[in-house]
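Q: Right, I'll just put the structure down here and ask away after.
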Amino acid sequence: MKQILLITDGCSNVGASPILAAAHALQEGITVNVAGVVDYGTIGELGGLEIAEIAKAGGGISRIVGTRQLAQTMQMMTRKTVVQTIQQAVNKELKEILGHDSLEELPPSQRSKVVTVVDELTETTPLQVALLIDASASMKPKLAAVEDAIRDLMLSLQARMGTSELAVFHYPSRGSSEDAVLDLNWTSDLSSLRSLFQRIQMKGATPTGPAILKVIDFFRYGTLDGHQSWRQNAEEGEGMLGDYVV
Amino acid sequence: MTTSSNPAYPAGTIITGKWRKSRFVIRRVLGQGANGIVYLVQKAGYRGLYALKMGYDTLDLQSEINVLTSLQSQRKSQDLLKENVKSPFLLEVDDFKDRNKDIPFYVMRYIEGSALHLFIRKRGSEWIGLTGLRLLEKLRGLHQMGFVFGDLKPENVLVSEYGRVELIDYGGVSTIGRSVKQFTEWYDRGYWNAGSRTGDEAYDLFAFAILMIQLLDEQALKEAAKQQLPQTRNTAELLSLIQRKTSLKPYSSWLRKAVLGEFANSQQALMMWKEQIYAPAIVGKLPGKTPRWLKSAFAFSIVILCFAVCLAFFL
């Protein structure tokens, strides 16, 4: 099971639409959750709307929280999305076997077994969560809290019986390219999470869409450079796309 | 996806089950948990009062019901052995058809009482030893059935008159060895960087220790939690607190072991708690150390006696 967890504090302003990018992610089987972090004032109507839209397009959940509740919220969103994804799969099976659309339509006595299966899968399914962190200038005072929340999430994931891995990205990058930068490759080791963001230099722009696309590529190829070669291949022949379905 | 902002139903609302058609009349709200609202209800046509929990999410609530059912069946077989059959814990499971959607609920036994911290505030900290003991017994029972409670906090511990203790809100219960589903940061072992979030007996005992420290000296615990940065927060601060504060002294060796995760199981923890709370009382009643003034007074009286005897002998 694959998830992207976007942590941001405002509107995207550069590049492709993040809502379209999230829809692409869902198409690839990656759920997108969004945490909007606001400490003082509000996130703005536009920002709030965009956050909700990204999560909707990405099949996930969105929440707007202060830094104090961030850790708890990230943990909750990740867990809920895992349950939700499994429930969707189980519901599909239910429909085929029993003709019921959902768990809610089953009588309580029959629900218990289904839920036992969902609980079991929630605990054991392998899980990969890519955290994508908005490192635009306004996020700077919140990064310490974000890092703590990531550590906390790792701790929760470690307790699962199934394998769980985290990767951490931030955007925009310092260089000319405006896509995401990999801070931490897939890991399930808590100690590797120390001082993630010390080297980050903040920039003003917020290219959320392109960054999400970059992370989708990372899921596909396990490397950030994969994107370029994929583009070239795609230009050579349209049929090539089919080879890359994960 | 349901949100947790569902407003509570007012008193007098009649809840009719979709499947079993039982009717319950809402009296008032008893409390609000992480995954549902609990009401005090009366079964229509009967006098008995029950607690009815409406869940925000069918799956979450069913997961909780599964735990309760499993506990109940295990309890029943134990009760048959002991020949004391209590009133059933879980009475009914059903859905309530509201205007736009079905809300899952279950009905359970209603227990009158107040939350642990309120009870102690009202009755005094002398009650901590006994309520703590009864709470540990409850936890041991749960552990012996293969579960950990998870979200242990004062709000989830109900104390009725004369210190009888019940755990409420089983939404955070998970099987031993699985990840802890639900927790509250203060009481969470992970929050203090003191270990994993895998459910084991020591996880509940850690939460119990924090709970006791809170009851005995809330201010000190607050300071300990505040003092450090999240990434450097550790148990050293807790341990020094346990050693330093006189209010924690009677329980210090127990608390220390629980914080360090040194108990092999909750049975051992329970035995030590018992020793700890009963030891001082016995020592206090039996003559302990004889005070020095008494000894010297005794010696002095012997001298006077000798003197008197001598005097009587010579005269």
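The values are calculated or read from the model by the stated rules, or taken from the named source; none is laboratory data. Keep in mind that what you see is a predicted model, and the values were worked out from it rather than measured. Cβ: placed from backbone, ideal geometry, glycine included. Neighbour counts: every protein chain shown. To get the accessible areas, we keep the full protein, side chains included, count just its heavy atoms, and leave off ligands, DNA and RNA. Shrake-Rupley method; radii C 1.70, N 1.55, O 1.52, S 1.80 Å.
Q: Does A:GLN75 count as part of a helix (DSSP H, G or I), open to solvent by less than 60 Å² (accessible area, probe 1.4 Å), within 14 Å of another protein chain (Cβ to nearest Cβ) and modelled with pLDDT under 90?
A: no
Q: If A:VAL115 passes every condition in (1) within 30 Å of B:GLY177 (Cα to Cα); (2) in a helix (DSSP H, G or I); (3) open to solvent by 10 Å² or more (accessible area, probe 1.4 Å); (4) within 13 Å of chain B (Cβ to nearest Cβ) but one, which one does it miss?
A: Of (1) within 30 Å of B:GLY177 (Cα to Cα); (2) in a helix (DSSP H, G or I); (3) open to solvent by 10 Å² or more (accessible area, probe 1.4 Å); (4) within 13 Å of chain B (Cβ to nearest Cβ), only one is false for A:VAL115: (3).
Q: Mind counting the residues in segment B:23-51 that are over 21 Å from B:GLN182 (Cα atoms) and either at pLDDT 90 or above or among the polar types (S, T, N, Q) (or both)?
A: 15
Q: Could you check how many residues of segment B:97-118 are touching a Ser or Thr at 6+ places or on another chain (Cβ under 7 Å), part of a strand (DSSP E or B) and away from chain A (no Cβ under 11 Å)?
A: Summing the residues that are touching a Ser or Thr at 6+ places or on another chain (Cβ under 7 Å), part of a strand (DSSP E or B) and away from chain A (no Cβ under 11 Å) in segment B:97-118 gives 1.
Q: I'd like to verify a number: residues in segment B:146-169 that are touching a strand residue (DSSP E or B) at 6+ places or on another chain (Cβ under 9 Å), open to solvent by less than 30 Å² (accessible area, probe 1.4 Å), not in a loop (DSSP other than H, G, I, E, B) and not hydrophobic (A, V, I, L, M, F, W, C), how many?
A: Within segment B:146-169, residues that are touching a strand residue (DSSP E or B) at 6+ places or on another chain (Cβ under 9 Å), open to solvent by less than 30 Å² (accessible area, probe 1.4 Å), not in a loop (DSSP other than H, G, I, E, B) and not hydrophobic (A, V, I, L, M, F, W, C) number 3.
Q: Within segment A:34-69, how many residues turn out to be more than 14 Å from chain B (Cβ to nearest Cβ) and in a strand (DSSP E or B)?
A: Selection size over segment A:34-69: 3.
Q: Just to check your reading of the model, which residue among B:LEU167, B:LEU158, B:LEU152, B:LEU239 is without any contact (Cβ under 8 Å) to a residue 40 or more places away in the chain, more than 14 Å from chain A (Cβ to nearest Cβ) and within 16 Å of B:LYS138 (Cα to Cα)?
A: B:LEU167
Q: May I ask you to verify whether B:GLY141 is of a type in the set (Gly, Ala, Ser), outside the structural domain of B:SER22 (by TED's automatic domain parsing), surrounded by fewer than 21 Cβ atoms within 10 Å (Cβ to Cβ) and closer than 13 Å to B:LEU167 by Cα?
A: Details: of a type in the set (Gly, Ala, Ser): yes; outside the structural domain of B:SER22 (by TED's automatic domain parsing): yes; surrounded by fewer than 21 Cβ atoms within 10 Å (Cβ to Cβ): yes; closer than 13 Å to B:LEU167 by Cα: yes.
Spelling it out, B:GLY141 is indeed of a type in the set (Gly, Ala, Ser), outside the structural domain of B:SER22 (by TED's automatic domain parsing), surrounded by fewer than 21 Cβ atoms within 10 Å (Cβ to Cβ) and closer than 13 Å to B:LEU167 by Cα.
Q: Test each condition in (1) open to solvent by less than 30 Å² (accessible area, probe 1.4 Å); (2) within 13 Å of the chain's Cα centre (by Cα) for A:GLY48 and report the one that comes out false.
A: Failing condition for A:GLY48: (2).
Q: Additional query: Name the residue, out of B:GLY36, B:GLY17, B:GLY45, B:GLY31, that is within 30 Å of A:ASN91 (Cβ to Cβ) and away from every other protein chain (no Cβ under 14 Å). Even if it seems obvious, please write down each step before you answer.
A: Numbers: B:GLY17 fails: away from every other protein chain (no Cβ under 14 Å); B:GLY45 fails: within 30 Å of A:ASN91 (Cβ to Cβ); B:GLY31 fails: within 30 Å of A:ASN91 (Cβ to Cβ).
Every option except B:GLY36 fails the conditions.
Q: Then there's this: Only one residue in B:ASP169, B:ASP204, B:ASP200, B:ASP217 is among the acidic types (Asp, Glu) and touching a Lys or Arg at 6+ places or on another chain (Cβ under 7 Å). Which one?
A: The conditions single out B:ASP217.
Q: So is A:LEU94 part of a helix (DSSP H, G or I), more than 12 Å from chain B (Cβ to nearest Cβ), open to solvent by 20 Å² or more (accessible area, probe 1.4 Å) and on the phi < 0 side of the Ramachandran plot or not?
A: In short, no.
Q: May I ask you to say which residue of A:THR31, A:THR85 is in a helix (DSSP H, G or I) and crowded, with 18+ Cβ neighbours inside 10 Å?
A: Checking each option against the conditions leaves just A:THR85.
Q: Here's a follow-up. Please verify whether A:ARG174 is open to solvent by 20 Å² or more (accessible area, probe 1.4 Å), within 14 Å of chain B (Cβ to nearest Cβ) and more than 28 Å from B:ILE176 (Cα to Cα), treating the condition exactly as stated. Step through it out loud before you land on a result.
A: Working: open to solvent by 20 Å² or more (accessible area, probe 1.4 Å): yes; within 14 Å of chain B (Cβ to nearest Cβ): no; more than 28 Å from B:ILE176 (Cα to Cα): yes.
Taking the combined requirement at face value, the residue does not satisfy it.
Q: Any idea which residue in segment B:258-273 is nearest to the chain's Cα centre (by Cα), counting only those that are under 13 Å from B:ALA194 (Cβ atoms) and buried (at least 16 other Cβ atoms within 10 Å of the Cβ)?
A: Checking each candidate, the answer is B:ALA258.
Q: Please tell me if A:SER156 is within 19 Å of A:ILE7 (Cα to Cα), within 14 Å of chain B (Cβ to nearest Cβ) and hydroxyl-bearing (Ser, Thr, Tyr).
A: Criteria met by A:SER156.
Q: Here's a follow-up. In segment A:97-112, what residues are within 9 Å of chain B (Cβ to nearest Cβ) and either over 32 Å from the mean Cα position of the chain (by Cα) or assigned to a helix (DSSP H, G or I) (or both)?
A: Across segment A:97-112, the qualifying residues are A:LEU103, A:GLU104, A:GLU105, A:PRO107, A:PRO108, A:SER109, A:ARG111, A:SER112.
Q: Now for a separate question. Looking at (1) within 14 Å of chain A (Cβ to nearest Cβ); (2) hydrophobic (A, V, I, L, M, F, W, C); (3) touching a residue at least 24 places away in the same chain (Cβ under 8 Å), can you tell me which one B:LEU229 breaks?
A: Here B:LEU229 meets the rest and fails (3).
Q: Which number in (1) within 11 Å of chain A (Cβ to nearest Cβ); (2) modelled with pLDDT under 95 marks the one condition that B:TRP186 misses?
A: (1)
Q: Additional query: If you check A:GLY204, A:GLY239, A:GLY222, which single one turns out to be at pLDDT below 85, of a type outside the set (A, V, I, L, M), under 17 Å from the mean Cα position of the chain (by Cα) and exposed (fewer than 13 other Cβ atoms within 10 Å of the Cβ)? I'd like the intermediate steps shown before the answer.
A: Working: A:GLY204 fails: under 17 Å from the mean Cα position of the chain (by Cα); A:GLY239 fails: under 17 Å from the mean Cα position of the chain (by Cα).
Every option except A:GLY222 fails the conditions.
Q: Could you check how many residues of segment B:88-114 are open to solvent by 30 Å² or more (accessible area, probe 1.4 Å) and of a type in the set (Phe, Trp, Tyr)?
A: 1
Q: Kindly indicate the residue of segment A:118-141 that is assigned to a helix (DSSP H, G or I) and modelled with pLDDT under 90 and also farthest from the other protein chains (Cβ to nearest Cβ) among those meeting that condition.
A: My answer is A:ALA137.
Q: Right, next: Taking the stated definitions as given, is A:MET1 touching a residue at least 40 places away in the same chain (Cβ under 8 Å) and open to solvent by 50 Å² or more (accessible area, probe 1.4 Å)?
A: So A:MET1 fits the description; yes.
Q: To continue, here is another question. Anything in segment B:193-208 that is more than 11 Å from every other protein chain (Cβ to nearest Cβ), open to solvent by less than 40 Å² (accessible area, probe 1.4 Å) and not small (Gly, Ala, Ser)? List them, or say none.
A: Matches in segment B:193-208: B:ASP204, B:LEU205, B:PHE206, B:PHE208.
Q: Within segment A:132-164, which residues are of a type in the set (Val, Ile, Thr) and open to solvent by less than 10 Å² (accessible area, probe 1.4 Å)?
A: Within segment A:132-164, A:ILE133, A:VAL146, A:ILE150 qualify.
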